[in-house]
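Engineer: Sharing a structure with you now.
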Amino acid sequence: MSAATEHRAGFVAIGGRTNVGKSTLLNLLIGQKVAAVTPRPQTTRRRILGIRSDPDAQFLFIDTPGIHESRRTMNQRMVQTARRALGDGEVLLAVIEAGPRLRGEDRELLAELRAMDRPLVVALNKIDLMPRAHMLPILEDIQRAAPEAEIVPVSGKTGENVAELLATIRTRLPKSPSLMPEDDYTDQTERMIAEEVIREKIFLVTRQEVPFSTAVVVERFIDEPERKLKTIGARIIVDREAHKGILIGAGGRTLKEIGTAARIELEKLLGSKMFLEMHVSVDRDWTKNPRKLSEYGL
Ligand SMILES: Nc1nc2c(ncn2[C@@H]2O[C@H](COP(=O)(O)OP(=O)(O)OP(=O)(O)O)[C@@H](O)[C@H]2O)c(=O)[nH]1
Ligand SMILES: [Mg+2]
């Protein structure tokens, strides 16, 4: 192999404020849905590895919860998880949402990532929402805030410039053979993917506080390949009695809507018929209890 095509591989940690499109990019970059994506902030709660194996490179992308300020125990845990995961990146991919100018929080994030002293690539995401001509000021702001970083404007929605983003990241990866089996695309088990998808549907269907204090734990996962059937038993945990009623809805309608949406998507993702059972239980104030946070996947 010539130097240009010499194989490269390594960890690429994706960091950024909440809701900027980190998980959207992860799913797009690996061509598989492994991370929940919703229009609401604080969707991602744990570190998720997504693997892309090309002939000349293997990218081990680490999706992280969004960095944000909060005094809630659960949110602090999420931000701690994010910072730790970012520490494992050999290349850092900062995701910033396109806007008129660079925001204060993004400036802080860039400073934090620069201080880690790894190759830094900045994806200016959601450029489909902004006319090209208006992008110059924010591009200049980023350039000034992180002079050594490579900036790639992209859209996780249309896929625009994503090939260029990959090429840019590739040149910054260490020369190395693949580090993981090339058929793998994630470290998430089917159980974890089921939890993530159910939680995503809860975020999409319920309002206000409910999704932010709800967790999903798959307690039963039975795979019967000869019947092409997977049976999933999931517990949905809420932290207040009032939320239980909201989640279930009148006549069980809300829970049914969540279940149907999750089942349809999981059948597609896991390639088999799915029997999905869910029940809702109250675990008072679990979001404030560090031990419970771990138990519920944070
Ligand atoms: N228009 C547009 N929307 C996008 C783009 N990328 C992501 N989105 C939307 O932005 C919202 C947030 O996307 P996520 O991928 O969940 O963002 P995230 O950074 O992972 O968010 P957290 O995990 O909550 O921190 C979703 O509604 C996405 O569909 C984009 O390039 N263009
Ligand atoms: Mg996310």
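Engineer: Which residue out of Val122, Val79 is assigned to a helix (DSSP H, G or I) and β-branched (Val, Ile, Thr)?
Structural biologist: Numbers: Val122 fails: assigned to a helix (DSSP H, G or I).
Criteria check complete, one pass: Val79.
Engineer: Oh, and also: Being assigned to a strand (DSSP E or B) and either at pLDDT below 95 or buried (at least 17 other Cβ atoms within 10 Å of the Cβ) (or both): is that true of Ala85 here?
Structural biologist: On the way: assigned to a strand (DSSP E or B): no; either at pLDDT below 95 or buried (at least 17 other Cβ atoms within 10 Å of the Cβ) (or both): yes.
No: the conditions fail for Ala85.
Engineer: Further question: In contact with a Pro (Cβ under 7 Å, 6 or more places away or on another chain), basic (Lys, Arg) and in the same structural domain as Ala149 (by TED's automatic domain parsing): is that true of Arg45 in this structure?
Structural biologist: yes
Engineer: Follow-up question, since we're still on this one. Can you tell me which residues in the range 190-225 are out of contact with any Lys or Arg (no Cβ under 6 Å at 6 or more places or on another chain), modelled with pLDDT of 95 or more and among the charged types (D, E, K, R)?
Structural biologist: Glu190, Arg191, Glu195, Glu196, Arg199, Glu200, Lys201, Arg220, Glu224
Engineer: Considering each residue of the range 59-76, count those that are within 16 Å of ligand 2 (Cβ to nearest atom) and either part of a strand (DSSP E or B) or surrounded by 17 or more Cβ atoms within 10 Å (Cβ to Cβ) (or both), and give that number. Talk me through it step by step, then tell me what you get.
Structural biologist: Residues of the range 59-76 that are within 16 Å of ligand 2 (Cβ to nearest atom), as a first pass: 61-68, 70, 74-75.
From the residues that got through so far, the ones that are either part of a strand (DSSP E or B) or surrounded by 17 or more Cβ atoms within 10 Å (Cβ to Cβ) (or both) too are 61-67, 74-75.
Number of matching residues: 9.
Engineer: Continuing with the same structure: Every residue in the range 90-104 that is within 16 Å of ligand 1 (Cβ to nearest atom) and surrounded by 17 or more Cβ atoms within 10 Å (Cβ to Cβ), please.
Structural biologist: Of everything in the range 90-104, those that are within 16 Å of ligand 1 (Cβ to nearest atom) and surrounded by 17 or more Cβ atoms within 10 Å (Cβ to Cβ) turn out to be Leu92, Leu93, Ala94, Val95, Ile96, Glu97, Ala98, Gly99.
Engineer: Filter the range 152-192 down to residues that are touching a residue at least 12 places away in the same chain (Cβ under 8 Å), under 30 Å from Phe275 (Cβ atoms) and among the β-branched types (Val, Ile, Thr), then give me how many there are.
Structural biologist: Matching residues across the range 152-192 total 1.
Engineer: Tell me the residue from Glu241, Glu265, Glu257 that is under 30 Å from Gly31 (Cα atoms) and free of Cβ contacts under 8 Å to residues at least 60 places away in the same chain, please.
Structural biologist: On the way: Glu241 fails: under 30 Å from Gly31 (Cα atoms); Glu265 fails: free of Cβ contacts under 8 Å to residues at least 60 places away in the same chain.
None of the other options fit; the residue is Glu257.
Engineer: Quickly run through the range 21-74 and pick out the residues that are within 11 Å of ligand 1 (Cβ to nearest atom) and in contact with a His (Cβ under 9 Å, 6 or more places away or on another chain).
Structural biologist: Result: Pro41, Gln42.
Engineer: Within the range 267-287, is there a residue that is more than 19 Å from Gln188 (Cα to Cα) and of a type in the set (Gly, Ala, Ser)?
Structural biologist: There is at least one residue in the range 267-287 that is more than 19 Å from Gln188 (Cα to Cα) and of a type in the set (Gly, Ala, Ser).
Engineer: Let me ask something additional. If you go through the range 143-165 one residue at a time, do you hit one that is of a type outside the set (A, V, I, L, M, F, W, C), in contact with a strand residue (DSSP E or B) (Cβ under 6 Å, 6 or more places away or on another chain) and in a helix (DSSP H, G or I)?
Structural biologist: Yes, the range 143-165 contains at least one residue that is of a type outside the set (A, V, I, L, M, F, W, C), in contact with a strand residue (DSSP E or B) (Cβ under 6 Å, 6 or more places away or on another chain) and in a helix (DSSP H, G or I).
Engineer: Could you say which residue among Gly87, Gly66 is of a type in the set (Gly, Ala, Ser) and out of contact with any helix residue (DSSP H, G or I) (no Cβ under 8 Å at 6 or more places or on another chain)?
Structural biologist: Values: Gly66 fails: out of contact with any helix residue (DSSP H, G or I) (no Cβ under 8 Å at 6 or more places or on another chain).
None of the others qualify; the one that does is Gly87.
Engineer: Separate question: Among the residues in the range 22-30, are any farther than 19 Å from Leu113 by Cα and part of a loop (DSSP other than H, G, I, E, B)?
Structural biologist: Within the range 22-30, the subset farther than 19 Å from Leu113 by Cα is 24, 27-30.
Cutting the leftovers down to part of a loop (DSSP other than H, G, I, E, B) gives us none.
Within the range 22-30, none of the residues are farther than 19 Å from Leu113 by Cα and part of a loop (DSSP other than H, G, I, E, B).
Engineer: OK, next. Out of the range 120-170, which residues are polar (S, T, N, Q) and within 16 Å of ligand 2 (Cβ to nearest atom)?
Structural biologist: Asn125 - this is the single residue of the range 120-170 that is polar (S, T, N, Q) and within 16 Å of ligand 2 (Cβ to nearest atom).
Engineer: With respect to Asp128, determine if the residue is exposed (fewer than 14 other Cβ atoms within 10 Å of the Cβ) and in the same structural domain as Val162 (by TED's automatic domain parsing).
Structural biologist: Values: exposed (fewer than 14 other Cβ atoms within 10 Å of the Cβ): yes; in the same structural domain as Val162 (by TED's automatic domain parsing): yes.
Here the answer is yes, as Asp128 does meet what is asked.
Engineer: Still on this structure, I have one more. Would you mind telling me which numbered condition in (1) buried (at least 19 other Cβ atoms within 10 Å of the Cβ); (2) more than 10 Å from ligand 2 (Cβ to nearest atom); (3) not polar (S, T, N, Q) Leu25 fails?
Structural biologist: (2)
Engineer: Same structure, new question: Restricting to the range 13-26, give me the number of residues that are more than 8 Å from the chain's Cα centre (by Cα) and closer than 25 Å to Val217 by Cβ.
Structural biologist: Total meeting the criteria: 2.
Engineer: Quick one: how many residues across the range 66-104 are of a type outside the set (Val, Ile, Thr) and over 30 Å from Pro137 (Cβ atoms)? Don't jump to the end; show me each part of the working.
Structural biologist: So in the range 66-104, the residues of a type outside the set (Val, Ile, Thr) come out as 66, 68-72, 74-78, 80, 82-90, 92-94, 97-104.
Those still in the list that are over 30 Å from Pro137 (Cβ atoms) too: 71-72, 74-78, 80, 84-85, 87-88, 90.
Matching residues across the range 66-104 total 13.
The values are calculated or read from the model by the stated rules, or taken from the named source; none is laboratory data. Since we're looking at a predicted model, the values are computed, not measured. Backbone-built Cβ (ideal geometry, glycine too); neighbour counts: all protein chains shown.
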